[in-house]
Amino acid sequence: MLVNQPNGYKELGLYSAVIIFSTAIQMFNGAIGNVLLPIFLSKSEGKSPKKEFFNYFGSWIISIMIAIPLILFPEVTSLILGKKFSIEQIVPILGMSIITTLIITNRAGVSRDLIVKNKMWLSVFSMGQWAITNLIIFYFLKDLGAWGFAFSYMISYVINYLVFVPYFINKGISPRIIFYNKWNMILWLMIASLVAVNVYYFDVLFLRIIISVIILLIILFSIFKLYKVCLQKL
(Lines give C-alpha, C1' and ligand atoms only; values in the text may rest on other atoms or scores of the structure.)
Protein backbone atom coordinates (compact mmCIF):
# COMPACT_ATOMS: atom_id res chain seq x y z
CA MET A 1 0.00 0.00 0.00
CA LEU A 2 2.82 2.39 0.82
CA VAL A 3 4.89 1.93 -2.32
CA ASN A 4 1.80 2.27 -4.52
CA GLN A 5 1.37 5.85 -3.35
CA PRO A 6 3.01 8.82 -5.14
CA ASN A 7 6.71 8.78 -4.21
CA GLY A 8 5.97 5.50 -2.42
CA TYR A 9 9.49 4.09 -2.60
CA LYS A 10 10.91 7.36 -1.29
CA GLU A 11 8.47 7.26 1.63
CA LEU A 12 9.38 3.63 2.34
CA GLY A 13 13.05 4.60 2.20
CA LEU A 14 12.42 7.39 4.70
CA TYR A 15 10.64 5.06 7.11
CA SER A 16 13.25 2.31 6.71
CA ALA A 17 16.06 4.79 7.34
CA VAL A 18 14.53 6.24 10.51
CA ILE A 19 13.43 2.88 11.93
CA ILE A 20 17.02 1.62 12.19
CA PHE A 21 17.41 3.53 15.47
CA SER A 22 14.37 1.85 16.99
CA THR A 23 15.51 -1.49 15.60
CA ALA A 24 18.83 -1.07 17.41
CA ILE A 25 16.96 -0.58 20.70
CA GLN A 26 14.85 -3.68 20.02
CA MET A 27 17.96 -5.74 19.27
CA PHE A 28 19.44 -4.67 22.60
CA ASN A 29 16.17 -5.61 24.29
CA GLY A 30 16.27 -8.99 22.56
CA ALA A 31 19.76 -9.60 23.90
CA ILE A 32 18.52 -8.93 27.44
CA GLY A 33 15.60 -11.29 26.87
CA ASN A 34 17.94 -14.08 25.75
CA VAL A 35 19.74 -13.77 29.07
CA LEU A 36 16.65 -13.48 31.27
CA LEU A 37 14.46 -16.19 29.75
CA PRO A 38 16.66 -19.19 30.76
CA ILE A 39 16.84 -17.75 34.29
CA PHE A 40 13.06 -17.60 34.63
CA LEU A 41 12.56 -20.99 32.97
CA SER A 42 14.99 -22.62 35.39
CA LYS A 43 13.32 -24.06 38.47
CA SER A 44 16.60 -23.94 40.40
CA GLU A 45 16.88 -20.16 40.13
CA GLY A 46 15.26 -18.39 43.07
CA LYS A 47 13.09 -15.34 42.48
CA SER A 48 13.22 -12.08 44.37
CA PRO A 49 11.41 -8.72 44.06
CA LYS A 50 14.52 -7.16 42.52
CA LYS A 51 14.79 -9.93 39.92
CA GLU A 52 11.09 -9.63 39.17
CA PHE A 53 11.36 -5.87 38.77
CA PHE A 54 14.22 -6.27 36.32
CA ASN A 55 12.27 -8.95 34.46
CA TYR A 56 9.26 -6.70 33.92
CA PHE A 57 10.83 -3.25 33.76
CA GLY A 58 14.59 -3.65 33.25
CA SER A 59 14.70 -3.68 29.47
CA TRP A 60 12.02 -0.95 29.31
CA ILE A 61 13.95 1.41 31.58
CA ILE A 62 17.22 0.73 29.75
CA SER A 63 15.45 1.37 26.44
CA ILE A 64 14.08 4.66 27.80
CA MET A 65 17.60 5.74 28.74
CA ILE A 66 18.86 4.85 25.25
CA ALA A 67 15.90 6.54 23.55
CA ILE A 68 16.07 9.83 25.47
CA PRO A 69 19.18 11.16 23.62
CA LEU A 70 17.52 10.30 20.29
CA ILE A 71 14.39 12.20 21.31
CA LEU A 72 16.30 15.20 22.66
CA PHE A 73 18.83 15.44 19.84
CA PRO A 74 17.16 14.34 16.59
CA GLU A 75 19.76 16.46 14.81
CA VAL A 76 22.19 13.58 15.43
CA THR A 77 19.94 11.11 13.60
CA SER A 78 19.61 13.58 10.73
CA LEU A 79 23.39 13.90 10.60
CA ILE A 80 23.80 10.12 10.47
CA LEU A 81 21.17 9.67 7.75
CA GLY A 82 22.59 12.46 5.61
CA LYS A 83 20.95 15.14 3.50
CA LYS A 84 18.57 12.90 1.58
CA PHE A 85 15.88 13.39 4.23
CA SER A 86 15.05 16.67 5.94
CA ILE A 87 15.01 16.79 9.72
CA GLU A 88 11.37 17.97 9.60
CA GLN A 89 10.51 14.62 8.00
CA ILE A 90 12.65 12.59 10.38
CA VAL A 91 11.57 14.00 13.77
CA PRO A 92 7.87 12.92 13.91
CA ILE A 93 8.58 9.46 12.46
CA LEU A 94 11.45 8.98 14.90
CA GLY A 95 9.22 9.97 17.83
CA MET A 96 6.43 7.59 16.86
CA SER A 97 8.82 4.70 16.18
CA ILE A 98 10.47 5.20 19.58
CA ILE A 99 7.10 5.09 21.37
CA THR A 100 6.30 1.88 19.45
CA THR A 101 9.63 0.36 20.50
CA LEU A 102 9.14 1.33 24.15
CA ILE A 103 5.74 -0.40 24.17
CA ILE A 104 7.41 -3.54 22.84
CA THR A 105 10.13 -3.40 25.50
CA ASN A 106 7.57 -2.70 28.23
CA ARG A 107 5.72 -5.87 27.20
CA ALA A 108 8.90 -7.99 27.23
CA GLY A 109 8.28 -9.34 30.73
CA VAL A 110 4.70 -10.27 29.84
CA SER A 111 5.98 -12.07 26.74
CA ARG A 112 8.34 -14.09 28.93
CA ASP A 113 5.40 -14.95 31.23
CA LEU A 114 3.51 -16.34 28.24
CA ILE A 115 6.47 -18.58 27.39
CA VAL A 116 7.10 -19.71 30.97
CA LYS A 117 3.40 -20.52 31.57
CA ASN A 118 2.95 -22.22 28.19
CA LYS A 119 0.42 -19.66 26.97
CA MET A 120 2.05 -18.72 23.69
CA TRP A 121 -1.19 -19.41 21.84
CA LEU A 122 -2.57 -16.23 23.44
CA SER A 123 0.25 -14.31 21.77
CA VAL A 124 -1.19 -15.36 18.41
CA PHE A 125 -4.42 -13.47 19.17
CA SER A 126 -2.43 -10.51 20.46
CA MET A 127 -0.31 -10.22 17.32
CA GLY A 128 -3.35 -10.92 15.14
CA GLN A 129 -5.12 -7.92 16.63
CA TRP A 130 -2.03 -5.78 16.08
CA ALA A 131 -1.67 -6.84 12.44
CA ILE A 132 -5.34 -6.34 11.54
CA THR A 133 -5.55 -2.98 13.33
CA ASN A 134 -2.34 -1.85 11.66
CA LEU A 135 -3.61 -2.72 8.18
CA ILE A 136 -6.99 -1.05 8.72
CA ILE A 137 -5.54 2.18 10.12
CA PHE A 138 -2.87 2.44 7.43
CA TYR A 139 -5.46 1.84 4.72
CA PHE A 140 -7.04 5.17 5.66
CA LEU A 141 -3.69 6.92 6.20
CA LYS A 142 -1.73 5.62 3.21
CA ASP A 143 -1.86 9.03 1.52
CA LEU A 144 0.33 10.35 4.37
CA GLY A 145 3.20 8.07 3.34
CA ALA A 146 5.88 7.27 5.92
CA TRP A 147 4.14 9.42 8.55
CA GLY A 148 0.93 7.40 8.19
CA PHE A 149 2.92 4.15 8.24
CA ALA A 150 4.66 5.10 11.51
CA PHE A 151 1.40 6.35 13.04
CA SER A 152 -0.51 3.15 12.21
CA TYR A 153 2.28 1.05 13.76
CA MET A 154 2.26 3.16 16.92
CA ILE A 155 -1.52 3.27 17.40
CA SER A 156 -1.82 -0.48 16.75
CA TYR A 157 0.70 -1.18 19.51
CA VAL A 158 -0.97 1.32 21.86
CA ILE A 159 -4.32 -0.47 21.40
CA ASN A 160 -2.61 -3.84 21.81
CA TYR A 161 -0.93 -2.71 25.03
CA LEU A 162 -4.14 -1.27 26.51
CA VAL A 163 -6.23 -4.33 25.60
CA PHE A 164 -4.00 -7.37 25.98
CA VAL A 165 -1.76 -6.55 28.95
CA PRO A 166 -4.83 -6.08 31.23
CA TYR A 167 -6.30 -9.25 29.70
CA PHE A 168 -3.16 -11.26 30.52
CA ILE A 169 -3.20 -9.83 34.04
CA ASN A 170 -6.87 -10.77 34.54
CA LYS A 171 -5.98 -14.30 33.39
CA GLY A 172 -3.36 -14.47 36.16
CA ILE A 173 -0.45 -14.69 33.73
CA SER A 174 1.28 -11.50 34.94
CA PRO A 175 1.03 -9.48 38.19
CA ARG A 176 -1.30 -6.46 38.39
CA ILE A 177 1.41 -4.10 39.57
CA ILE A 178 3.15 -4.06 36.20
CA PHE A 179 0.20 -2.22 34.64
CA TYR A 180 -2.12 -0.96 37.36
CA ASN A 181 0.08 1.53 39.14
CA LYS A 182 0.23 5.30 38.85
CA TRP A 183 4.00 5.49 38.29
CA ASN A 184 3.78 3.31 35.20
CA MET A 185 1.08 5.63 33.85
CA ILE A 186 3.02 8.78 34.78
CA LEU A 187 6.09 7.42 32.99
CA TRP A 188 4.09 6.81 29.82
CA LEU A 189 2.59 10.29 30.04
CA MET A 190 6.03 11.86 30.45
CA ILE A 191 7.54 9.86 27.57
CA ALA A 192 4.69 10.92 25.27
CA SER A 193 5.09 14.53 26.47
CA LEU A 194 8.83 14.47 25.84
CA VAL A 195 8.28 13.24 22.28
CA ALA A 196 5.51 15.80 21.67
CA VAL A 197 7.60 18.72 22.98
CA ASN A 198 10.55 17.84 20.77
CA VAL A 199 8.31 17.36 17.72
CA TYR A 200 6.00 20.37 18.00
CA TYR A 201 8.51 22.80 19.51
CA PHE A 202 11.47 21.60 17.48
CA ASP A 203 12.32 25.09 16.19
CA VAL A 204 12.00 26.75 19.62
CA LEU A 205 15.27 25.53 21.15
CA PHE A 206 15.10 27.37 24.48
CA LEU A 207 11.55 26.18 25.22
CA ARG A 208 12.47 22.62 24.17
CA ILE A 209 15.40 22.56 26.61
CA ILE A 210 13.49 23.97 29.60
CA ILE A 211 10.45 21.71 29.25
CA SER A 212 12.58 18.64 28.42
CA VAL A 213 14.71 19.08 31.54
CA ILE A 214 11.58 19.26 33.72
CA ILE A 215 10.12 16.15 32.07
CA LEU A 216 13.42 14.26 32.45
CA LEU A 217 13.49 14.99 36.18
CA ILE A 218 9.93 13.67 36.51
CA ILE A 219 10.89 10.55 34.52
CA LEU A 220 13.85 9.80 36.82
CA PHE A 221 11.73 10.36 39.93
CA SER A 222 8.95 8.15 38.55
CA ILE A 223 11.38 5.31 37.81
CA PHE A 224 12.65 5.50 41.40
CA LYS A 225 9.09 5.42 42.79
CA LEU A 226 8.10 2.59 40.44
CA TYR A 227 11.05 0.57 41.74
CA LYS A 228 10.05 1.18 45.37
CA VAL A 229 6.41 0.25 44.75
CA CYS A 230 7.29 -2.91 42.82
CA LEU A 231 9.68 -4.15 45.51
CA GLN A 232 6.73 -4.16 47.90
CA LYS A 233 4.24 -5.80 45.50
CA LEU A 234 6.23 -8.30 43.39
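Observations, loosely collected:
- Counted by Cβ distance under 14 Å from Ile186, the other residues give a net charge of +3, where Lys and Arg count +1 and Asp and Glu count -1.
- The residues packed around Gly58, meaning those with a beta-carbon under 15 Å from its beta-carbon, carry a net charge of +3 if Lys and Arg are +1 and Asp and Glu are -1.
- Of the DSSP H helices in the chain, those whose Cα atoms cover at least 15 Å axially and whose Kyte score averages 1.0 or more: 8-41, 59-72, 87-106, 120-141, 146-170, 182-200, 205-233
- Residues of type lysines that Lys10 reaches as a straight line, Cα spacing below 19 Å, ignoring anything fewer than 8 places off in the same chain: Lys83, Lys84, Lys142
- Set the Cα radius of gyration of region 1-160 against 2.2 N^0.38 Å, with N its number of residues, and you get 1.16.
- In this structure the chain gives 52 Å² per residue of accessible area when probed at 1.4 Å with all protein chains present.
- Across the protein chains, with a 1.4 Å probe defining accessible surface, the residues Ile214, Ile103, Ile87, Ile62 rank Ile214, Ile62, Ile87, Ile103 from largest area downward.
- Net charge dipole, the chain: roughly 900 debye, given to the nearest 20, about the Cα centre with Cβ charges of +1 for Lys and Arg and -1 for Asp and Glu.
- For region 74-212, a simple Cβ point-charge model (Lys and Arg +1, Asp and Glu -1, everything else neutral) yields a dipole of about 540 debye relative to the Cα centre.
- Count Lys and Arg as plus one, Asp and Glu as minus one, and take only other residues whose Cβ is under 13 Å from that of Lys228; the net charge is then +4.
- Using distinct alpha-carbon pairs, which all enter the 1/r mean, Kirkwood radius of region 90-234 in Å: 16.8 Å
- 15 Å Cα-Cα reach of Lys47 towards aspartates and glutamates, excluding residues that sit fewer than 8 places from it in its own chain: Asp113
The values are calculated or read from the model by the stated rules, or taken from the named source; none is laboratory data. All values reported here derive from a predicted model rather than from experimental measurement. Glycine gets a Cβ as well: all are built from the backbone with ideal geometry, and neighbour counts include every protein chain shown. Surface areas here come from the heavy atoms of the whole protein model, side chains and all, with no ligands, DNA or RNA. Shrake-Rupley method; radii C 1.70, N 1.55, O 1.52, S 1.80 Å.
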